[in-house]
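Only the coordinates and a few stated rules stand behind these numbers; no lab work does. Keep in mind the model is a prediction, meaning the values are calculated, not measured. Neighbour counts run over all protein chains shown; Cβ positions are idealised from the backbone, glycine included.
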Amino acid sequence: MKDLILTAKSYLPDEKLRLVEEAYRFALHAHDGQTRLSGGPFIEHPVQTAIFLAELHLDASTLTAALLHDVIEDCHVSFQELENTFGHEVAKLVDGVTKLSKLEKISVEEESEQLLYSQNGRQQAASLRKMLVAMAEDVRVVLIKLADRLHNMRTLKAHPPWKRRAIAKETLDIYAPLAHRLGIWEIKWRLEDMAFRHLNPSKYRDISRLLSAKRAEREKYITKVKDTLKKELEEAGIEAEVSGRPKSIYSIYEKTQKYAQQGKEFNEIYDLFALRILVNEIKDCYGALGVIHALWHPLPGQFDDYIANPKENMYRSLHTVVLCVDAVPIEVQIRTYEMHQFAEYGVAAHWRYKEGGVSDSLFDEKMAWLRQLLEWQRDVTEPEEFLESVKTDIFKDQVYVYTPKGAVKELPTGATPIDFAYRIHTDLGHRCMGAKINGKLVPLDYQLKNGETVEILTTKQARGPSRDWLNANLGYVKTANALDKIRQWFRRQERGANIQLGREILHKDLRRLNLAVDEAKLSELLKYDTVDDLLAALGSGSINISQITAKLSSQQPNPPPDYQLTTPTTGPASGIEVLGVGDLLTRMAQCCSPIRGDAIIGFVTRSRGVTVHRLDCPNILAEDDKERLVRVDWGKLHQLFPVRLRIEAWDRVGLFKDITTLVSEQRINIAAVVSTERDDGTCSISLTVHTTDVGQLSRLFSKLEGVKGVISIARTDPKDLGLPQSLQ
């Protein structure tokens, strides 16, 4: 409590401090005799929650509510008693947090070791919807909830393993992105790291060890760069504070995943420590940028001006990446001290509940995204759809594009012109027939990039969306908002037409997959009351064929031994995992010939990727260049099923290449190919592939049907990929 008062005293007047002290005494009495699962007195939790909010300089009412946030739920204290003692404002905040806690408690307690939190979409969606509504009414409710979750994550070890994973996943899916959207970096990175530690402890330890091993080397380099830059800024007459910016463990993990796709190693991630420059005025931001670009070469396409075009969570800064000393790419952020406060503490730094309760119009404007979200979701009745909408449209990384009139629109990364059209207006989406990016025609599955101008080409009358837009395999639509508008359009069509169309879609896909599935049992598996309900949902776009094949794949039992394959133990898909590298070429050392189960280590060669040795290999023990040794682990062996396909197509130059390239892009191995030409200008291609399940096979069919000249595609072998007898 002394720490709380000391922190709050730095910005609160004495009369407000007395309210906080009174709340502490009230909470101490209410929680008397109660303990946490960790064994400590319960009062530690509300006090730690309040301390973190005091570090964000929240007002006295928020600190008071934080100290009291569990008394209604866990003690014999009523709303009326709180209102009489501390006033309506504090009581309302406590009541808001209590309602959120009850929803959270219900949904988590319904879980079991077999059913983790992420699978209980209905309860999670209800909790999130309630949270966002509460935030629209008073954002302080959610600030208290975020601080409450932060302390709960610190004491998560007291829970059983399954519950730790459930709470950690919810934290990573909902709470950390929510903190990001509110612009509170300080809470975001802490929640991410603690959740990641419970969800993937081995990766967490690996990255922690690697960071510790190279800390001295990085800090020496950053000091060298800082000194050079500070001298140049002083000579230019710019007063600035230059510091290194450490990245969180989870953000480094995400970066290793991206680097793995590019075939890069952990050692190539040079922005583990970026540079941050703080200046007094906006003009100094651009002045410092000029100094940096004159000193070091900027990398093309790596500059973002979030001062002229702020993010919707109030974030403002200049970002650039330059080739620094020794040609190392370094990320640099430049901002004023005021912008830095917003970047670290978000809405908490821009608090509108000052003395007198005067509303801040700038705050209202910058919280417009929340009101917009709630407006979009008025028509969404299914909780799972709402949850998916928030995760996709609000919590993912964003791109910023322009309308032809110059208005800036924010969309999640990966969004397409169709997503853009529906973001502008539902009718524009329904009438969309094409798109131009910066004046040039692009396909409708084109992924938008920052700074592009998007123009939608339309039909004169609303013809309605294409059903292909609902096929996730084709990639036309990425945002849940657009998907929901498209589904609504199809729901309004005649049920009979939807049933007939759904039957055609289902039969077509099952026929080409060569699957015999009982429709009644399939509708029961997908939890529809009747076959017609299933077919109507499929015809209206409420579900798509990829969801059905994914469900069938989840029911797939182990096939007979003679119908299984495993990925090879050498080559790019070796089953050897190198941290931060993924599918980098690996090969087994001939000197010690390691086999699965041996303790192994990797040696980075100059031209042949990573060679895998046994840990006790004499060559490794005698190796002097320890920097070239990397940690490796045995990866998982994947079960593969051989499937024969027959493709009928119009013969043309490049057809065979287009088909095999597309199959390879889907990361599917081709075992055999036979092509037969006919006199009528058509050809038949027999293709044997190794696939993981019917879901992957269905996605492959969707892609292959888009190849120019392909007439039809079907599966010719009689095997059923191990579907259970109960579905046949």
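Details
- Looking at segment 617-711, the trypsin sites (Lys or Arg not before Pro) that sit in a DSSP loop and have at most 11 other Cβ atoms within 10 Å of their own Cβ are LYS636, ARG667, ARG678, LYS708.
- Sorted fewest first by neighbouring Cβ atoms within 10 angstrom, CYS324, CYS683 come out as CYS683, CYS324.
- You can think of it this way: the chain between GLN34 and LEU6 has 7.5 nm of extra reach, that is 0.36 nm per residue less the Cα-Cα gap.
- Across segment 165-173, coupling constants 3J(HN,Hα) worked out from phi with the 6.51/-1.76/1.60 Karplus curve, θ = phi - 60°, read 5, 4, 5, 5, 5, 4, 4, 6, 7 Hz, and Gly and Pro carry x.
- For ASN514, nonlocal amide neighbours, meaning residues 5 or more places apart or on other chains whose placed amide H falls under 5 Å from its own, are ARG715.
- With a cut-off of 13 Å between beta carbons, the residues surrounding PRO465 carry a summed charge of +3, where Lys and Arg count +1 and Asp and Glu -1.
- Sites listed here are trypsin sites (Lys or Arg not before Pro) in segment 1-103 whose DSSP assignment is loop and whose Cβ has at most 10 other Cβ atoms within 10 Å, and the list is empty.
- In this structure, the amide hydrogen of LEU640, modeled 1.01 Å from its nitrogen in the peptide plane, lies closer than 5 angstrom to those of LEU565, THR566, counting only residues at least 5 positions away or on a different chain.
- Nearest-0.05 FRET efficiency for THR459 and ASN280, computed from C-beta distance (R0 45 Å): 0.25
- Proxy reagent accessibility, fewest Cβ within 10 Å first, across LYS157, LYS460: LYS460, LYS157
- If you sort the three axes of the alpha carbon gyration tensor as a ≥ b ≥ c, you get a/c of 1.5 or more for segment 639-727 and a/b above b/c, which makes it prolate.
- For MET1, MET433, the sequence from fewest to most other C-beta atoms within 10 Å is MET433, MET1.
- Pairs beyond 18 Å (Cα-Cα), from LYS551/LYS703; LYS145/LYS247; LYS145/LYS409; LYS220/LYS247; LYS203/LYS551: LYS551/LYS703; LYS145/LYS247; LYS145/LYS409; LYS203/LYS551
- In this simple spin-label model, placing a label point 7 Å from the Cα along the Cα-to-Cβ direction at both LEU299 and SER243 gives a separation of 2.4 nm.
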